[in-house]
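Shown next, in structure tokens, is the structure this report addresses.
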Amino acid sequence: MKKDKILVIGACGQIGVELTLALRKMYGDANVLASDLREEHDLLKGTGPYVSLDVMNKEMLHVLVIRHNITQIYLLAAILSATGEKNPLLAWHINMQSLLNVLDIAKEENIDKVYWPSSIAVFGPNSPMMETPQHTIIEPTTIYGISKFAGERWCEYYNHRYGVDVRSLRYPGLISYKSAPGGGTTDYAVEIFHEAKERQEYTSFLSEDTYLPMMYMPDAIRATIELMEADASKITVRSAYNLSGMSFSPKEIAAEIKKHIPDFTISYEPDYRQQIADGWPNSMDDSRARADWGWKHEYDLAKMTADMLQNI
């Protein structure tokens, strides 16, 4: 087992649960401290240490880092796109201040590595929609996207100015059967599987031909760990790497589900999330991640659909 002591902040969220379990498998249960404001997630109970933590309380966070000899921090706490639009100032405050607290403590305590997730939400309607490049026009229209874009700049700043080894990925929409999504615009791609199995029907809040970049959670977890395990000399992007798995529309995922559940039907009632999705890429160019640290996705739509329906 490696000697690192890892702190996962936001460990009870959609990414946090599975990432914490994967890190405990690699580093040893006792060496990965899970934390969240919420009650401990059922899947984490009994697998390793857990503390209640408000990342907005910088002093409390700093004491925790020192007391537990933390060498790596994964900051996953955030207010996501759809939820953020309901209270923009709160979303900005939490998403920004939590990152600044962690970066500042990492600088002061010489933390070995920091991970902070970005998102496809950084892109906007003026970005190229197809195969969106690593470096391109970035004009986000949601407070979530604005905070992620600002966060990317802070990460790059702390790396260049203070030498903080902070790494980031622009996640596409993430799909998982283990933990619930947290209020994002791509949540339909999780909800649809549950509704298909329970009621054989689903009403999508996005229109049938809305293409968005997506990724199955096992790929996202593996990408995160592979990025963090890569030698620092290979990391050429200190803002956030584009990351891609697959792209599909609600109509296409419904057709794939029908192969397994023939009676499944889908209807469409686009809501405020449609406008958010319309400003995001249809597909992503992640060639830089593939070249720098060997990223390669494993799951396509068919393989993911079969696995989701088997495990829900």
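Just so it is clear, none of the values below were taken in a lab; they were calculated from the coordinates. Since the structure is predicted, the reported quantities are computational estimates derived from the model, not experimental observations. All Cβ positions, even for glycine, are placed from backbone atoms using ideal geometry, and neighbour counts span all protein chains on display.
Please list log₁₀ I(q)/I(0) at q = 0.10, 0.21, 0.23 Å⁻¹ for the range 209-311, using the Debye equation with identical point scatterers on the alpha-carbon positions.
Ignoring solvent entirely, the Cα scatterers give -0.37, -1.13, -1.23.
Suppose each label sits 7 Å from its Cα in the direction of the beta carbon; what would the Thr83-Ser267 distance come out to in nanometres?
In this crude label model, Thr83 to Ser267 measures out at 2.9 nm.
Just to be sure I understand: with springs between alpha-carbon atoms less than 10 Å apart, which residue in Glu131, Glu256, Glu39 has the highest mean-square fluctuation in the Gaussian network model of the chain?
Looking only at Glu131, Glu256, Glu39, the biggest GNM fluctuation is shown by Glu39.
Which residue fluctuates most in the GNM of the chain (Cα springs below 10 Å): Leu212, Leu90, Leu301?
Looking only at Leu212, Leu90, Leu301, the largest GNM fluctuation is found for Leu90.
Suppose we keep just the alpha-carbon trace of the chain; what are its Rg and Dmax in angstrom?
Rg then Dmax for the chain, in Å: 18.8, 58.
Along its principal axes, what span do the Cα atoms of the range 259-312 show, with the longest given first and each in whole Å?
44, 32, 16
Calculate for the chain the 222 nm mean residue ellipticity that helices alone would give, adding -39,500 (n - 2.57) per DSSP H run of length 4 or more and normalising by residue count, nearest 500 deg cm²/dmol.
Computed ellipticity for the chain at 222 nm equals -13000 deg cm²/dmol.
Would you please report the Å³ per residue occupied by the convex hull of the alpha carbon atoms in the range 197-250? Please report the intermediate quantities before stating the final value.
Values: hull volume 6.1 nm³, N = 54.
Per-residue hull volume (Cα only) is 113 Å³.
Normalized C-alpha radius of gyration of the range 39-109, against 2.2 N^0.38 Å?
So the Cα radius of gyration is 1.24 times the expected 2.2 N^0.38 Å.
If you put +1 on each Lys and Arg Cβ and -1 on each Asp and Glu Cβ, how big is the dipole of the range 82-213 around its Cα centre, in Debye rounded to 20?
So the magnitude is around 280 debye.
Mind checking which lysines have their Cα closer than 25 Å to the Cα of Lys45? Skip sequence neighbours fewer than 8 apart in that chain.
Qualifying lysines at Cα under 25 Å: Lys2, Lys3, Lys5, Lys25, Lys178.
Given an 8 Å cut-off on Cα distances and at least 6 residues of separation, report the relative contact order of the chain as a percent.
Once normalised by length, the contact order is 18 percent.
How high is the relative contact order of the range 191-256, in percent, with contacts defined as C-alpha pairs under 8 Å that are six or more residues apart? Please list the in-between numbers first.
Numbers: 39 pairs, mean separation 32.5, N = 66.
The value is 49 percent.
Can you compute the charge dipole magnitude of the chain about its Cα centre, using +1 on each Lys and Arg Cβ and -1 on each Asp and Glu Cβ, nothing else charged? Give it in debye, rounded to the nearest 20. Each step should come with its number before you reach the end.
Details: 31 positive and 42 negative charges, 176 e Å.
Rounded to the nearest 20 debye, it is 840 debye.
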